[in-house]
Structure formats: C-alpha cells, structure tokens
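This report refers to the structure that appears directly beneath it.
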Amino acid sequence: MTMLKKLSVLFLTVLLTGAPLLASQPPGGAATDGFVPLDSLPPQEQLPAAPLLVTAYAFVWVLLMAYIWSIASRLRKVEAEMATLQRRTPGAAGR
Amino acid sequence: MPFRVALLILKKDFLIEVKSLEILSTTLFFAVSCLLVFSFAFVKEGSPVQDAAAGILWIAIAFSGTLALGRVFERERYGETLRALLLAPAPRPAIYLGKLFGMVLLMFTTEVVLVPMVALLFQAPLFSRPLLLFVLLAAGTVGFASVGTLFAAMLVRARTRDIMLPILLYPVTIPVMIAGVQGTSALLQASPDEAMATMWIAIVSTFDVVAITLCLWMFEPLMTE
Amino acid sequence: MTRFFLPVFGVTALMFAGAPFVIADAPYESTMLLVQKIFYFHVPAWFVMFTAIFISGIWSARYLFKGDRNADRVAFAAAEIAVVFGLMGLVTGPLWGRKAWGVWWQWDARLTMALLLEAIFIGYLLVRKYGGPGSEKLSAAMAIFGMLNVPFVYISVNIWRTIHPKTSVVPTLGPGMFGAFWFSVIAFMLLFALLMHLRVRLEQQRAALDDLYLAEEP
C-alpha cells in the first residue's frame with residue numbers, strides 16, 4: 001500500500017510540475033491542439049522539444065530514485081523488525 | 001475416464017441449476033440490462049452509431065460472463081463443495097474441464113438471447129453469415145471461459161474475488177475481445193468480409209488452444225494447497 | 001551476487017553519471033532533432049520491462065511446477081520492476097510521440113501491447129497484495145499468461161491498427177547513436193540486475209521474518 005501510495009503521489013507530482021512546463025510552450029498554431037491526423041501536420045512542426053525531453057528525463061530520474069528509496073526503506077523496516085524480534089526471543093535466532 | 005468425470009461434473013452443475021435457474025436468469029437479465037444501458041449511449045436520433053453493435057455484443061458477453069463466473073463458484077464456496085470436489089478421486093484437469101463445459105454452456109445460452117437482441121435493437125445484420133458468426137462466438141466464448149474458469153476457481157478462497165476476477169481476466173483476454181469485436185464488425189459490413197472474419201477466428205482458436213492447454217497443465221499445481 | 005554487488009553498483013553509477021554526456025554527444029537525428037534523445041532511455045526501459053516480464057513468467061512456472069519458493073520471490077521482484085520500468089516507458093513515450101507524431105497516444109501495436117502488459121502486471125501486484133491466501137499461485141498464473149499473451153496481443157493489434165508510423169519509431173542508427181544507445185541499454189540492464197538483487201533480498205528477508213515469527217509461537 002505504502003509503495004503504491006508513494007508511486008501515485010510521485011506520479012501526480014510529476015504530472016503537476018510537468019503540466020506548467022508543457023503549458024508554457026508557445027502554441028504552434030492550430031496543429032498542436034488536440035488530436036490531429038498525422039498527414040495533415042506540417043513536416044517541421046514548430047513545437048519546442050526541450051521541455052518534453054527535460055520532463056521525460058526528470059521523470060525517469062525521479063521514478064528511479066523513488067523506487068530505490070522505496071526498496072531501501074522497506075528493507076530497513078523488515079531488518080529492524082527482525083532485530084527487535086531476535087532481541088525479544090534470543091532463542092529463536094539460533095533455531 | 002477424465003472426459004467422463006468432466007461430463008459428470010457438468011451434469012451435477014446442470015441439475016443444480018435447473019432446480020432454481022438462479023444463475024441463468026440473473027445472468028440473462030444482467031446481459032439485457034447492459035444492452036439497454038448501451039442503447040442510451042450509442043443510439044443517436046433514433047439510429048445506432050455506426051459499428052457500435054459488434055462492440056456492444058462482446059462487451060455484454062464479457063460482462064455477463066464475468067458475473068456468471070463469480071456466481072458459479074460462489075455456489076461451490078457456499079457449500080464448501082469445491083474442496084469436496086477436489087478431494088474426490090478424480091483427475092484435477094477433469095474437474096477443470098467439467099467446470100469449463102458448464103461455463104461455456106451458460107454463456108452460449110446467454111448469447112442465444114443476446115445476439116438476436118443486438119440485431120434487433122441496433123439494426124445490425126448479424127445473421128448475414130450465421131455460420132461464421134457462430135464459429136467466432138464459439139471460439140471467443142471458449143477463450144474467455146477457459147481463462148475465466150481457472151481464475152475464478154483460484155479466487156474462490158480470496159476475500160476480494162469480486163473485484164479481482166475482472167481485474168485479472170480482462171487484460172489477459174484482450175486478444176479474444178479484439179478478435180471478437182473486429183471479426184464481428186467484419187461480418188456486419190454491407191458486404192461481409194469473410195476472409196477477415198476467418199482470420200480472426202483462426203487467431204482466437206489459436207488463443208483457445210494455448211489457453212486451454214496451459215489451464216489444464218496449471219490446474220493441478222494451482223489447486224493443490 | 002552479493003560479492004559482485006559493490007563493483008556492479010560502482011559501474012552502474014558511473015555509467016548513469018556519464019549517460020547525460022554520452023547522450024548529449026550523440027549526433028542529432030535528422031528529422032526529430034532534440035526530442036529523439038528520449039530514445040536513449042525510452043527504449044532501454046522497454047528492454048528492461050520485457051526482460052523482467054520473461055523472468056517473471058519463467059520463474060513463476062518454475063515456482064508452480066517445482067514448488068521452489070525462491071523462484072516465486074524472483075518472479076515477484078521481476079513483476080514489480082516490470083511495472084516500474086513500464087511506467088517509465090509509458091510516460092516518456094507520449095512525450096516523444098507528442099513531438100514526433102503530433103499526438104500523445106496512438107493505438108498502434110507496440111503502444112497497446114505495452115499498456116496491456118502494464119495492466120497485467122499491475123493486476124499481478126494487486127492480486128499479490130489483496131488476494132489473500134494462495135495469491136502467490138494465482139499471481140504466478142497471471143505472470144505466465146502475461147508472458148504468453150505477448151505474441152497474441154502483438155499480432156491482433158497489428159492487424160487491428162496497421163498505421164504504425166514506421167519512419168519515426170525505429171530510426172536507422174548512425175554510428176554515433178549506435179554507441180550511445182547500447183551504452184544506455186547496458187547501463188539499464190546493470191541497473192535492472194541491481195534492483196533485482198535488492199528486491200529479491202527484500203522478499204527473502206520477509207520470508208525469514210515470517211519464519212522467526214513462526215518460531216516464536218509454536
């Protein structure tokens with residue numbers, strides 16, 4: 001649950017930060033709005049690529065970091081629990 | 001021997017169902033309700049949206065099939081009879097086959113009502129190539145029911161089975177749905193595209209063979225506690 | 001694997017630190033220019049997802065038929081990683097497509113297949129989490145079906161939608177791009193190995209914890 005929660009929070013954050021970035025692009029005419037058939041687009045559409053690339057890059061990094069952090073924190077939690085359990089019942093550790 | 005056991009299980013389920021008709025009547029009515037809901041969405045100014053009929057038919061089949069799968073195994077769970085069935089000296093794959101036969105039969109009965117209703121309500125020429133449509137429906141139903149029976153049997157013990165069944169079943173049976181809808185709409189065209197429909201039938205049939213083989217093979221380890 | 005963990009970790013970290021420079025250095029693709037650089041991490045993410053799916057499917061089968069509990073842990077770890085990398089591909093893909101195709105989403109074979117596999121493996125994680133007793137076996141069946149569904153979905157969607165814009169999806173790689181691309185793929189694969197190691201370890205520790213609890217209460 002926590003992992004799913006974290007992932008969804010993360011996803012929303014990226015969406016929310018990504019949206020203004022995308023929205024700030026200068027509108028390249030009617031062609032960039034909504035769904036336009038491929039063949040009716042001009043060959044060199046004037047849509048800046050940098051914000052898209054930066055968003056993609058940032059998303060990959062944030063997702064990876066979050067996932068690694070989530071594994072690490074889950075591992076820490078399990079190991080901490082094991083330690084307390086072993087302290088409480090010293091006999092169980094040897095079994 | 002395994003085949004005989006499967007038929008015995010089918011007979012048992014059939015006899016129980018005939019007494020009350022609970023699952024059949026509720027599934028049928030649910031399927032019809034689905035059609036009514038769709039008609040509000042896809043009939044504009046008195047005439048149905050083009051090509052909607054194929055999708056409506058298959059969605060109704062999938063929804064009512066899911067419901068029926070849940071009900072069939074709920075009955076086994078209620079009487080703790082699935083365990084008894086598994087304890088019986090019968091090969092596991094035969095039990096699976098018996099359940100699958102029952103499920104396919106139930107879905108066929110629903111389709112016998114659904115198809116004419118779709119043809120009527122959405123003005124779809126569904127009966128222009130009856131044989132091809134029948135084979136497509138049969139192959140699609142078997143594909144859907146084969147995976148569905150396995151998952152529903154496994155979910156009997158799970159508390160969240162009502163929601164888990166569609167979550168697991170729909171993504172896995174998407175190839176069946178694509179083929180069913182596309183094959184049916186090929187038959188619904190002004191001049192039915194038989195070659196296209198036959199190709200979709202071939203794809204679903206391959207899916208059926210793979211799915212049933214896999215289910216028969218997995219049922220044993222899956223149902224062993 | 002434990003012995004190799006630190007060296008592999010070092011190499012991966014170095015490769016990931018160097019990746020931006022390698023990617024920035026790679027020549028511009030002639031029609032898509034800058035946005036094509038998404039390619040260098042979009043495609044490796046899919047490579048990882050598919051590897052993870054096949055590992056999950058095969059190890060699930062090993063668990064089901066051989067009863068090997070450790071295989072189940074490997075399958076679970078791979079399924080989770082497949083979902084993470086699938087999400088990566090599903091988010092970076094539309095960002096690229098927006099520029100290259102002019103639309104965020106296309107119902108073409110690859111995209112649909114990716115979305116479906118993501119759905120199947122999210123289902124896997126959900127059933128694992130909320131499925132109750134016996135969910136390991138059910139999720140194993142799910143992984144096997146997910147793996148075998150790959151060709152069916154690909155074929156059926158391919159026939160359903162044959163408008164794949166081939167010109168832009170798989171550019172013929174120039175020499176500079178070729179190096180940068182395989183650099184990224186290797187970096188992602190190493191990362192995958194590291195994540196798998198950590199994730200499997202987490203499952204093993206959980207199992208050990210369960211054993212401890214069982215030992216405590218006879």
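Roughly what angle does helix B:130-155 make with the longest principal axis of chain B, taking Cα atoms, 0 to 90 degrees, to the nearest 10? With rounding to tens, the tilt is 40 degrees.
Loop-resident GluC sites (Glu not before Pro) (DSSP state other than H, G, I, E or B) in region B:38-147 with no more than 16 further Cβ atoms inside 10 Å of their Cβ: B:Glu45, B:Glu80.
For chain B, the longest principal axis of the C-alpha atoms and the axis of helix B:174-188 are separated by about 40°. For chain B, the mean residue ellipticity at 222 nm estimated from helices alone is -29000 deg cm²/dmol, where every DSSP H run of n ≥ 4 contributes -39500 (n - 2.57) and the total is divided by all residues, rounded to the nearest 500. As an exercise, use a Förster radius of 41 Å and the Cβ-Cβ distance of B:Ile16 and B:Ser128 to find the FRET efficiency, rounded to the nearest 0.05. Approximately 0.60, to the nearest 0.05. So which aspartates and glutamates pass the test for C:Lys129, namely a Cα distance under 18 Å, with those fewer than 8 places away in the same chain ruled out? Hits, sequence-local ones excluded: B:Asp162, C:Asp72, C:Glu80, C:Glu118, C:Glu203, C:Asp210.
Summing Lys and Arg as +1 and Asp and Glu as -1 over all other residues whose Cβ lies under 15 Å from the Cβ of B:Thr109 gives a net charge of -3. Quick one: net charge of A:Ala56's neighbours, Cβ under 13 Å, K/R +1, D/E -1? Summing Lys and Arg as +1 and Asp and Glu as -1 gives +3. Restriction of the trypsin sites (Lys or Arg not before Pro) in region B:86-162 to DSSP coil positions whose beta-carbon has at most 13 other beta-carbons within 10 angstrom yields B:Arg159. With springs only between Cα atoms under 10 Å apart, run a GNM on chain B and tell me which of B:Val72, B:Val172, B:Val181 wobbles the most. Comparing B:Val72, B:Val172, B:Val181 in a Gaussian network model of chain B, the most mobile one is B:Val172.
Counted by Cβ distance under 15 Å from B:Glu74, the other residues give a net charge of +2, where Lys and Arg count +1 and Asp and Glu count -1.
A short reminder: the numbers here are calculations on the coordinates, not readings from a lab. Note that the coordinates shown come from a computational prediction; the quantities given were computed from them, not determined experimentally. All Cβ positions, even for glycine, are placed from backbone atoms using ideal geometry, and neighbour counts span all protein chains on display.
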